[in-house]
Amino acid sequence: MVYNVNMICVGRQSIVNKGFNIIGYELLYRSYQDADRAVINDALSATASVIIGVFAYIGIEKLVGDKLCFINISKDVITSEFLCGIPRKDNIVLAITNISELKENIIDKIKYLKDNGFKIAVSYAESLKNMLELASFVDLDTKLVKDNEIKNTLNLLKKTTT
């Protein structure tokens, strides 16, 4: 497959810490025709487009500099061999998305990826509690957690990740 460099679009969203300092950027798939939003029909193809565009054409340094690079990956990407081709892993964070049920083979593959230099990010959800020990980063959407549960959830996250 031949890529036209002028046709590659990658969205970039800042990731900040509690002090609102930028610690990294989430790289997002964008089709050239709909560059202002994501139209994703196939998660594996979207992730492949981002990774190929970033590493083969644009350059990771141009997009994130010395910051962390968050790449969303789905179950299909986790179970493929596609991620083995990423040349530089020290600042790559694989953000696990759209996984409601974790089967043993997926957990094993995530452990393998972490053991091979990737950092892991998960969105906090009851169904993913067993993933917290593997996570370097946890995304907690305070709009989805009831106000009276936020403190307990934060305490749980502190215990799990320390």
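One line per residue, one yes/no per condition, for (1) farther than 16 Å from TYR29 by Cα; (2) touching a Ser or Thr at 6+ places or on another chain (Cβ under 6 Å); (3) modelled with pLDDT of 80 or more:
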| residue | (1), (2), (3) |
| --- | --- |
| ILE60 | no, no, yes |
| PHE70 | no, no, yes |
| GLY85 | yes, no, no |
| GLU101 | yes, no, no |
| ASN130 | yes, no, no |
| PHE137 | yes, no, yes |
| LEU144 | yes, no, no |
| LEU157 | yes, no, no |
| THR162 | yes, no, no |
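Any chance you could count how many residues in the range 43-88 are outside any helix (DSSP H, G or I) and under 13 Å from the mean Cα position of the chain (by Cα)? Total meeting the criteria: 7.
If you go through the range 58-78 and keep only what is exposed (fewer than 15 other Cβ atoms within 10 Å of the Cβ) and either more than 18 Å from ILE15 (Cα to Cα) or small (Gly, Ala, Ser) (or both), you end up with GLY59, GLY65, ASP76.
Scanning the range 79-89 for residues that are surrounded by 13 or more Cβ atoms within 10 Å (Cβ to Cβ) and either of a type in the set (Gly, Ala, Ser) or touching a Pro at 6+ places or on another chain (Cβ under 9 Å) (or both) turns up just one, SER80.
The values are calculated or read from the model by the stated rules, or taken from the named source; none is laboratory data. This structure is a prediction, so every number in the text was calculated from the model and none was measured. Reconstructed Cβ throughout: ideal geometry from the backbone, glycine too, with neighbour counts over all protein chains shown.
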